[in-house]
Amino acid sequence: MSPRLVRADRDAVRRRDTPLSITVDGDALSGVAGQTIAGVLLANGRRAWRAGPSGAPRGVFCGIGVCFDCLVTVNGEPDVRACRRRAADGDQVATQSREAR
């Protein structure tokens, strides 16, 4: 999976993407319509957004919704798989943690 956006002037397909903005832990991030939340995070340079039971950083592992490493809270709904949920303009995303207690 590539964590980058193709610049409009270099896009061979000549897509006309609709921009969107989501908020992640208070930070505004930009993306384009159709991207998953994980795609928006990766395109904005965020490779990890959750901590596992050991405290190790976690992000996208499988990218298809099988492993649950990319869980986030979206608009107050916990345990949303960021790789499966399409981002919507104005989404409020909060990172989650599974650190051992």
If the elastic network links every pair of Cα atoms under 10 Å, which of Ser54, Ser30, Ser21 fluctuates the most in the Gaussian network model of the chain? Ser54
Measuring with a 1.4 Å probe in the full set of protein chains, what accessible area per residue, in whole Å², belongs to the chain? 64 Å²
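From the protein chains alone at 1.4 Å, what is the descending order of accessible area for Phe68, Phe61, largest first? Could the numbers behind the result be given before it?
On the way: Phe68 100, Phe61 160 Å².
Result of the area sort, largest leading: Phe61, Phe68.
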Using 0.36 nm per residue of separation minus the Cα-Cα distance, give me the extension gain between Gln92 and Glu77 in nm, one decimal. 4.4 nm
Whole-Å semi-axes of the ellipsoid equivalent to region 12-64 (Cα gyration tensor, √5λ, descending): 25, 14, 8
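For the chain, what is the convex hull (Cα atoms) projected area averaged across all directions, in square nanometres? Could you put the intermediate results ahead of the total?
Values: hull surface 26.7 nm².
One quarter of the hull surface, i.e. the mean projection, equals 6.7 nm².
Per the helix-only calculation at 222 nm, which mean residue ellipticity applies to the chain, given -39500 (n - 2.57) for every DSSP H run of n ≥ 4 and division by its residues, nearest 500 deg cm²/dmol? Walk me through the numbers before you get to the answer.
On the way: 1 runs with 7 residues, N = 101.
It lands at -1500 deg cm²/dmol.
The values are calculated or read from the model by the stated rules, or taken from the named source; none is laboratory data. None of these values were measured; they are calculated from a predicted model. Keep in mind that these areas ignore ligands, DNA and RNA; they rest on the heavy atoms of the full protein, side chains included. Shrake-Rupley method; radii C 1.70, N 1.55, O 1.52, S 1.80 Å.
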